[in-house]
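Each remark here refers to the structure printed beneath this line.
Every number here is computed from the coordinates shown, using simple stated rules; none is lab data. Just so it is clear, the structure is predicted and the values come from calculations on it, not from any experiment. Because the Cβ atoms are built from the backbone with ideal geometry, glycine has one as well, and the counts that use them run over all protein chains shown.
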Amino acid sequence: MIYKTLGKTGLKVSIIGFGASPLGAEFGQIVPEEGERAVEYAIDHGINYFDVSPYYGRTLAEKRLGEFLKGKRDKIILATKVGRYGISLPGGFDFSAQRVIKSVEESLQRLKTDYIDVFQIHDIEFGKRKQIIEETLPVMFKLKRQGKVRFVGITGYPLSPLKEIVETQEIDTVLSYCRYNLLDTTMDDILIPAVKKKSVGLINASPLHMRALTEKGAPDWHPAPKKVLQGVKKAAQFCREKGINISDLALQFAFSHKYVAVTLVGMSKVRHVKANLNNVGVKPDPDLLKKVREIIKPVANIYWEEGLPENYDPGATEKRT
Ligand code: NAD
């Protein structure tokens, strides 16, 4: 395993992190025992970063992960979130201080632990900037001072709100998803300069673009425009013809990023953990990568509107679903 330092937190994190949203059946039902074996296999093979949220499976992922981590808590770095509890506005989100305090206690209980390593606001683009800065973050910093959480971070899809918070607030980590992978590399231009300047720990999630960059393809709810999902199918076919699985190339590409400390891959099956571990430290074949990126080029860097309209990234397209 390769370990990197997560910005100023000083935490040594495996460059592949275990994304636990599939444990909450976000990509379809799973066999819980298989999920437990996947968690065990990951820890036994050096994965030490686990990311979850009360939102995944509407608390199911936290409950399952808490069970699966019994007796293993001290071997891992555990990240969870606050603020997102349902799919859409207005009911699905609550960034109030009161809810943060309640939420952390509920997460601690479900995860069967008495501290969270990385405590993050889940999808800041659904909140008003003023509330995030003046209410949500201050109460999270208070929990940090009390020792309930070790580090405070933010997560989200549009890059401009993430960048603004990184630049103006004293946070420890930032998680960006679907903005650095074979389909979209816009994270580099927008977020990286701010992250470097402030030494914030950078977490890159969804390197498979929420399953679009796999043989199985995107789930029905995937928000990318249809033409993007069609374009990626051509790339997957090309890889198949060359004898490589597109998910392997996608992970080799994502894991090679210079400033990302940990790349989170959603997993619930041992065979996926095994396959994904095999890509750690493997550089993508430059010729193959070049050709695949050429195929993807017409649909590359197309990102969608997410969150409150005031938080959309300039140039974002309408969501498919
Ligand atoms: P992903 O790109 O990691 O894709 C996950 C999907 O790919 C799952 O269906 C999984 O079963 C499948 N998969 C994994 N390995 C595979 C393989 N080798 N072959 C074929 N299929 C494979 O997307 P994701 O799960 O959305 O992102 C990873 C993690 O990052 C999440 O689980 C979550 O923990 C985190 N995340 C956080 C946020 C946020 O905080 N806002 C957003 C997105 C993701």
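Here the gap between I101 and K274, fully extended at 0.36 nm per residue and compared with their Cα-Cα distance, gives a gain of 58.5 nm. For segment 256-321, applying the loop criterion from DSSP together with a ceiling of 12 other beta carbons within 10 Å to the GluC sites (Glu not before Pro) yields E318. Each Lys or Arg adds one and each Asp or Glu takes one away; over the other residues whose Cβ falls under 14 Å from the Cβ of E310, this sums to -2.
Anything over 24 Å Cα to Cα? Flag those among K226/K291; K198/K258; K12/K197; K12/K72; K234/K269; K233/K319, in the order listed. As for pairs spanning more than 24 Å Cα to Cα, those are K234/K269. Our summary gives the chain a relative contact order of 21 percent, counting only alpha carbon pairs under 8 angstrom and 6 or more residues apart.
What the Cα atoms of segment 191-321 give is an Rg and a Dmax of 15.5, 44 Å. Approximating the spin labels as points 7 Å out from Cα along Cα→Cβ, the S199-to-K70 distance works out to 4.1 nm. Reported to the nearest whole Å, the Cα centre-to-centre distance from segment 179-201 to segment 59-93 is 25.
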